[in-house]
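The values are calculated or read from the model by the stated rules, or taken from the named source; none is laboratory data. What you see is a predicted model, and the numbers here were worked out from it, not measured in a lab. Cβ coordinates were reconstructed from backbone atoms using ideal geometry, including for glycine residues, and neighbour counts include every protein chain displayed.
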Amino acid sequence: MRQTLTQEFAKIYGASDGLRFFFAPGRVNLIGEHTDYNGGHVFPCALTIGTYAAVKERTDKIVNFYSMNIPTSGVISIDLNNELKPSKELRWAAYPAGVIWAFAQKGMKLDHGFDILFNGNIPNSSGLSSSASIEVLTGFTLRSLYGFDISNVDLALIGQFSENKFNGMNCGIMDQFASSMGKKDHAIFLDCATLNYEYASVKMPDAKIVITNSKVKHHLVDSAYNDRRNESEQALKDLQTVCNIKTLGDLTNEEYDKHADVIKDPVCKKRAKHAVYENQRTIEAVKALAAGDIKHFGELMNQSHISLRDDYEVSCKEIDVLVDSAWKQPGVVGSRITGGGFGGCTVSIVKNEYIDAFIENVGKEYTEKTGLTAEFYVVEIGDGPYEL
Ligand code: GLA
């Protein structure tokens, strides 16, 4: 990777001496979907795929961005002397530029610029958090180059802040946290209300995590996501008239059932049901895993999918074909949509000896029913950001 980055850097920027190389991972979430911004728990892990960067400091105040994944955008530049504002001209570089903006907002201004070249190996629009990986990578790079005294949790928060305020996507903390705090062979059991977290081993002797990419990404994903957030917040407001709670994550299933009728809008009611039940499912799933009860963990993954499909309504036809097909295959412990939704990927746990048949059968059925070709990744769980 260093060699590829060095060669390309020399081509784009003319020189390649004194380069530094960094990496930050993408993520997959095992369970706990659309719970992060509802004050609940999530259980994601960092992948060994992600985004790489080669960087060289400059003496002036220019920052140049180039992505090997989007060469048609060419080099995109900003001048640190000018106030940074979201603009269409930034295109994909709105992600790293947003992080520079967020650092400045938090009092960490850059006194000189740099040239940076990105190269990612997360499949495009797959819902495996390529944007969070770019944000965490940029933050990690800035910390390394300028010596800012901030933690990896800060890197996650700054990444989320930049995505919310600079890029207009009102995401929760899960993706950036999974990328910045990843640990090899472990998932992160994160309480999004407090940011308390524990690592749980997901190294299973006889099964693997298989991600299936539907290769579809429906339009208006960001606006549909922001709608779900607003609907959950509306439900919370209604519930707060009768319960003393800060977030939907404060409720047990029984408490929710008891008070649900106070939620006026039927759509908001379904959203809240998902948020509450999914949070409790996540807590139960982590306990099941710790007890070695992977069968129950898988059942909870399946229930998670049904709830995301019917109550939170963030699945789509193509993803449901993948999940329905996965559920029919021998050796499948559990399968569900993962990430923000409306396309993207499913995550399945599959017993080792059935993985080949799983890929063949699900792939075939998917093509028959949708005309599309799914991609399968038998993934490894990796570490958070590092310098190469
Ligand atoms: C996206 C967001 C996350 C989280 C998931 C759904 O990935 O960026 O914050 O809300 O959707 O669980």
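Taking region 153-180 as the region of interest, how many residues are over 15 Å from G26 (Cα atoms) and either buried (at least 24 other Cβ atoms within 10 Å of the Cβ) or among the acidic types (D, E) (or both)?
Summing the residues that are over 15 Å from G26 (Cα atoms) and either buried (at least 24 other Cβ atoms within 10 Å of the Cβ) or among the acidic types (D, E) (or both) in region 153-180 gives 4.
Among the residues of region 184-206, is there at least one that is within 13 Å of the ligand (Cβ to nearest atom), closer than 22 Å to A46 by Cβ and within 18 Å of the chain's Cα centre (by Cα)?
yes
Only one of these is farther than 30 Å from L251 by Cα, in a helix (DSSP H, G or I) and away from the ligand (no atom under 14 Å from the Cβ): A272, A357. Name it.
A357 is the lone residue from the list that is farther than 30 Å from L251 by Cα, in a helix (DSSP H, G or I) and away from the ligand (no atom under 14 Å from the Cβ).
Could you pull out the residue among A224, A207 that is in contact (Cβ under 8 Å) with a residue 24 or more places away in the chain and closer than 24 Å to A272 by Cβ?
Selected residue: A224, the only one of A224, A207 that is in contact (Cβ under 8 Å) with a residue 24 or more places away in the chain and closer than 24 Å to A272 by Cβ.
I'd like to know if region 212-223 contains one or more residues that are away from the ligand (no atom under 13 Å from the Cβ), at pLDDT 95 or above and part of a loop (DSSP other than H, G, I, E, B).
No, that holds for no residue.
Considering only residues that are over 21 Å from R20 (Cα atoms) and more than 12 Å from the ligand (Cβ to nearest atom), which ones fall in region 126-165?
Listed by number, the residues that qualify are V153, D154, L157, I158, F161, S162, K165.
Please find, within region 37-49, the residue that is nearest to the ligand (Cβ to nearest atom) out of those that are within 13 Å of the chain's Cα centre (by Cα) and buried (at least 24 other Cβ atoms within 10 Å of the Cβ).
V42
Filter region 109-130 down to the residues that are buried (at least 18 other Cβ atoms within 10 Å of the Cβ) and without any contact (Cβ under 8 Å) to a residue 60 or more places away in the chain, then identify the one that is nearest to M1 (Cα to Cα).
It comes out as F114.
If I go through region 139-183 residue by residue, how many of them are hydrophobic (A, V, I, L, M, F, W, C), more than 14 Å from the chain's Cα centre (by Cα) and under 25 Å from A54 (Cβ atoms)?
The number of residues fulfilling the criteria is 8.
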